[in-house]
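Visitor: So that we are looking at the same thing, I have put the structure below in structure tokens.
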Amino acid sequence: MAWVRLSDDFYDHPKFQRVGALGVALWASSLAWSNRNLTDGVVPRAVARRLLDFEDVADTVDAAGNGVTNATGNPAGNPIDHALIAVVLRTTTINALVKAGLWHEHPDGYLIHDYLDYQKSAEQIGAERDKNAARQRAFKARRKQPRRGPETPSDGPSDNAGNGVTNPASNAQGNDVTDADADSPVTDAPNPNPSTTSSYEEVGERPGSRIPDDTPGRDDVEQVCLALADAIEANGSRRPAITKTWRREARLLIDKDGRTPEQVLTAIAWCQADNFWRGNVLSMPKLREKYDQLRLAAQRQQTRPASSPSAGPGYDPASGTDLFDRAMARAKERDEAAAAALEGGTS
């Protein structure tokens, strides 16, 4: 079962107040339909017309006797009038969504406004499903492996050499199950639920985690990890620990996803200066997951007129400084301090 992201106060937005209850219902239905069918926010016209049962709405209105179908002079249950009312309601609701900017005209139908800013793309969902399927196949394959049971006990001299169950002296060689000294560690079964943390590194992904990692990394990986940690700290949050998971996700972002360190640093500076994204990107795994959405959001912002000539990616209007420059300065200070300490120890 898949889910869509929906703020619990979305209906307070003026756009939804303009489209009415039917507009809200049709918009929410289109959100769920697009997520289930992996269309990245595109809703075909035929689908948009049948997502809500407007005929049922017309029946309900008529039953309430509000005069829409002239209940006093119209024979009850007139299907022609109900069909006409349904068409009017459907057309009016769709036009209201487009006019309010919640839907946009699209060659294939309609496009839900800012869909990929808040929902996962078809590519992301497909990758997650493939990963989960591979994990479950591996888990089932391990469970199907035959287990070695104890050998059949036998009487006579051969018992000492061939049966560790009845011979404690040979137990260490023949049967680890009944000999605590020879028992090997039991490996935990893989976790079939991807949404539940089950490993040391996954716990380290949480912002503020203090699980250390002393493994040396590449210079470009260390640079982007330090820049993100510095920017998060500069925004007033507790400084996160740079864990193995941070370094792994940074390496994959550069090597597998094809992002240059300069592009990653720019994304860090932009998202940590944005009021919305600074609270949603608090770790390197989250930065990699949201990278494409950040890139698209930054591109849209560049097409809008700037509110201030000095306000660019990474600019903090509260302090009048550039978060990116400040983060880089701190990283440089730490490098210089480490080099000085190394020189002092070798002299």
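The values are calculated or read from the model by the stated rules, or taken from the named source; none is laboratory data. This structure is a prediction, so every number in the text was calculated from the model and none was measured. Ideal geometry is used to build each Cβ from the backbone, glycine not excepted, and the neighbour counts take in all protein chains shown. Remember, those area values only see protein heavy atoms, side chains included, never the ligands or the DNA or RNA. Shrake-Rupley method; radii C 1.70, N 1.55, O 1.52, S 1.80 Å.
Visitor: Is it the case that the stretch 150-170 has a residue that's touching a Gly at 6+ places or on another chain (Cβ under 6 Å), more than 30 Å from Ser7 (Cβ to Cβ) and modelled with pLDDT under 50?
Guide: Scanning the stretch 150-170 turns up at least one residue that is touching a Gly at 6+ places or on another chain (Cβ under 6 Å), more than 30 Å from Ser7 (Cβ to Cβ) and modelled with pLDDT under 50.
Visitor: Okay, moving on. Within the stretch 90-136, restricting attention to residues that are in a helix (DSSP H, G or I) and buried (at least 18 other Cβ atoms within 10 Å of the Cβ), which residue is modelled with the lowest pLDDT? Spell out the reasoning first.
Guide: At the first step, the residues of the stretch 90-136 found to be in a helix (DSSP H, G or I) are 90-100, 115-118, 122-136.
The next check asks that each one be buried (at least 18 other Cβ atoms within 10 Å of the Cβ); those that pass are 90, 93-94, 96-97, 100, 115.
On the way: Arg90: 88, Thr93: 93, Ile94: 94, Ala96: 94, Leu97: 94, Ala100: 93, Tyr115: 92.
Out of the qualifying residues, it is Arg90.
Visitor: Among the residues of the stretch 306-327, is any loosely packed, with under 10 Cβ neighbours inside 10 Å, modelled with pLDDT of 65 or more and out of contact with any Ser or Thr (no Cβ under 6 Å at 6 or more places or on another chain)?
Guide: Looking for residues that are loosely packed, with under 10 Cβ neighbours inside 10 Å, modelled with pLDDT of 65 or more and out of contact with any Ser or Thr (no Cβ under 6 Å at 6 or more places or on another chain), one finds none in the stretch 306-327, hence no.
Visitor: Let me ask something else. Of everything in the stretch 1-59 that's under 21 Å from Gln293 (Cβ atoms) and of a type in the set (Ser, Thr, Tyr), which residue is most open to solvent (accessible area, probe 1.4 Å)?
Guide: Ser7
Visitor: What are the residues in the stretch 233-244 that are surrounded by fewer than 23 Cβ atoms within 10 Å (Cβ to Cβ) and over 17 Å from Glu333 (Cβ atoms), if any?
Guide: Answer for the stretch 233-244, where residues must be surrounded by fewer than 23 Cβ atoms within 10 Å (Cβ to Cβ) and over 17 Å from Glu333 (Cβ atoms): Asn235, Gly236, Ser237, Arg238, Pro240, Ala241, Lys244.
Visitor: For the stretch 1-33, enumerate the residues that are among the hydrophobic types (A, V, I, L, M, F, W, C), in a helix (DSSP H, G or I) and in contact (Cβ under 8 Å) with a residue 40 or more places away in the chain.
Guide: Here is the first cut: in the stretch 1-33, the ones among the hydrophobic types (A, V, I, L, M, F, W, C) are 1-4, 6, 10, 16, 19, 21-22, 24-28, 31-33.
Now narrow it down to the ones that are in a helix (DSSP H, G or I): 10, 16, 19, 21-22, 24-28, 31-33.
Answer for the stretch 1-33, where residues must be among the hydrophobic types (A, V, I, L, M, F, W, C), in a helix (DSSP H, G or I) and in contact (Cβ under 8 Å) with a residue 40 or more places away in the chain: Phe16, Val19, Leu22, Leu26, Trp27, Leu31.
Visitor: List every residue pair whose Cβ atoms sit under 8 Å apart, with the two residues 6 or more apart in sequence or on different chains, where the first one lies in the stretch 249-265 and is in contact (Cβ under 8 Å) with a residue 60 or more places away in the chain and the second, anywhere, is open to solvent by 60 Å² or more (accessible area, probe 1.4 Å) and charged (D, E, K, R).
Guide: Partner pairs satisfying both residue conditions: none exist.
Visitor: Need pairs with beta-carbon distance below 9 Å; first residue under 20 Å from Asp40 (Cα atoms) and within the stretch 124-148, second in a helix (DSSP H, G or I); sequence gap 6+ or separate chains.
Guide: Listed by first residue and then by second, the contacts come to Gln124/Glu289; Gln124/Asp292; Ile125/Asn35.
Visitor: Now, a different point. Can you tell me which residue is most open to solvent (accessible area, probe 1.4 Å) among those in the stretch 255-295 that are touching an Asp or Glu at 6+ places or on another chain (Cβ under 8 Å) and either over 23 Å from Gly236 (Cβ atoms) or small (Gly, Ala, Ser) (or both)?
Guide: So, considering only residues that are touching an Asp or Glu at 6+ places or on another chain (Cβ under 8 Å) and either over 23 Å from Gly236 (Cβ atoms) or small (Gly, Ala, Ser) (or both), the one most open to solvent (accessible area, probe 1.4 Å) is Arg288.
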